[in-house]
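Read the structure below first, then the notes.
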Amino acid sequence: MRRAFTVVVSLKEGLLDPQGKAVLDALPTMGWDNVEEVRVGKHVRLVIDSDDLEGARAQAEEIARRLLANPVIEDVHVTDGAPESRSSADDEEERA
Amino acid sequence: MKRRIAVVTFPGSNDDRDAARAVRRMGGEPVPAWHRDPDLRGADAVILPGGFSYGDYLRCGAIARFAPVMDAIREHAAAGGPVLGVCNGFQILCEAGLLPGALIRNRGLAFICRRVHVRAETARTPFTASVEPGEVLEVPIKHGEGQFVADEPTLARLEDGGQVVFRYCGPDGRVGEEFNPNGAAHHIAGVCNEAGNVVGMMPHPEHAVDPDVGPTGGQALFESLLSAVPVTA
């Protein structure tokens, strides 16, 4: 079963974000002068093939912790793995 | 007998050839190593060169740290063998947990490619053994993600433990904001592990050994390495 996890990687609080600052500095030119903070992170979609939800979740957490985020500078959050079908054709095949 | 210095090539490494050339020019024997190699072929030391391994995808060095050759490098480091990470190599060593801290985007966001001065802070590493603490070396930097960061306890530990190896400085060795190209914490350009055998640095010593081409601040590192390294039996 395909399970889709969403991993959000954020810069740790207090760490300087030069990218976020560049975005923030650009906002007045769009006409917005009331934006106080911008911090840029990452969104990763992980699709794991597993019939065991707990095992898949643990795997997603390990991938997130060891590769997707650097614990020195980033925090990471993994959502639950919703089951996902490949296509309606696959669903037909599974039902058959 | 020449010291054998392994130089690792990851997909996207581009300073591997200059690192090998510098080793050869300074009197050592470079040993090309491929990211999939299971061992370092008995090399006495290993260099992780600069470049853009795996396109800097995800984070610089994030993917290279899982390359098969890293197991051999870890073993070599654990046994006290000299390991030098230059630029992307430094990033890989930090991602692999072989060095503390992390390298993030330059404070000014721009990619910087120019000569700088760095002050050697310690002679306790194989790469600075023949350097006087306080000695100033002129070397080039070329990086977009060279800002060294670490939390306050780690920075204190590095300073107290003599793990800061190089600091950005002026030509006379003075340290200050005006000489820090990327905002690195404490103006740190290079660090070592607790044991002192693993060193990471953002500047490129391999591009600074040939007087016909530019400054020669890198010669001291290769001289140190090639005289300090015991030849493997």
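Of all the numbered requirements in (1) within 14 Å of chain B (Cβ to nearest Cβ); (2) modelled with pLDDT under 95, A:Leu53 misses one, and that requirement is (1).
Taken over segment B:186-196, the criterion of being open to solvent by 10 Å² or more (accessible area, probe 1.4 Å) and in contact (Cβ under 8 Å) with a residue 60 or more places away in the chain is satisfied by B:Asn193, B:Ala195. Would you confirm whether any residue within segment B:91-112 is under 27 Å from A:Lys12 (Cβ atoms), more than 14 Å from chain A (Cβ to nearest Cβ) and in a strand (DSSP E or B)? Checked segment B:91-112: no residue is under 27 Å from A:Lys12 (Cβ atoms), more than 14 Å from chain A (Cβ to nearest Cβ) and in a strand (DSSP E or B). Residue count for segment B:198-221, restricted to those that are in contact with a strand residue (DSSP E or B) (Cβ under 9 Å, 6 or more places away or on another chain) and buried (at least 22 other Cβ atoms within 10 Å of the Cβ): 15.
Yes or no, residue by residue, for (1) of a type outside the set (Phe, Trp, Tyr); (2) part of a helix (DSSP H, G or I); (3) surrounded by 12 or more Cβ atoms within 10 Å (Cβ to Cβ):
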{"position": "A:Phe5", "(1), (2), (3)": "no, no, yes"}
{"position": "A:Gln19", "(1), (2), (3)": "yes, yes, yes"}
{"position": "A:Leu27", "(1), (2), (3)": "yes, yes, yes"}
{"position": "A:Glu36", "(1), (2), (3)": "yes, no, no"}
{"position": "A:Val40", "(1), (2), (3)": "yes, no, yes"}
{"position": "A:Arg45", "(1), (2), (3)": "yes, no, no"}
{"position": "A:Ile48", "(1), (2), (3)": "yes, no, yes"}
{"position": "A:Ala60", "(1), (2), (3)": "yes, yes, yes"}
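Looking across segment A:65-96, the residues that are at pLDDT 80 or above and open to solvent by less than 60 Å² (accessible area, probe 1.4 Å) come down to A:Leu67, A:Leu68, A:Ala69, A:Asn70, A:Ile73, A:Glu74, A:Val76, A:Val78, A:Thr79, A:Glu84. Restricting attention to segment B:27-64 and to residues that are part of a loop (DSSP other than H, G, I, E, B) and at positive phi, the residue that is farthest from the other protein chains (Cβ to nearest Cβ) turns out to be B:Gly27.
Within segment B:80-101, residues that are modelled with pLDDT under 95 and among the basic types (Lys, Arg) have Cβ atoms under 8 Å from residues that are open to solvent by 10 Å² or more (accessible area, probe 1.4 Å) and not in a loop (DSSP other than H, G, I, E, B) in no pair, counting only partners at least 6 apart in sequence or on another chain. If you go through segment A:32-56 and pick out every residue that is over 30 Å from B:Gly183 (Cβ atoms) and without any contact (Cβ under 8 Å) to a residue 40 or more places away in the chain, you end up with 3.
The values are calculated or read from the model by the stated rules, or taken from the named source; none is laboratory data. None of these values were measured; they are calculated from a predicted model. Positions of Cβ are generated from backbone atoms using ideal geometry, with glycine treated the same way; all protein chains shown enter the neighbour counts. Only protein heavy atoms, including side chains, enter the accessible area calculation; ligands, DNA and RNA are left aside. Shrake-Rupley method; radii C 1.70, N 1.55, O 1.52, S 1.80 Å.
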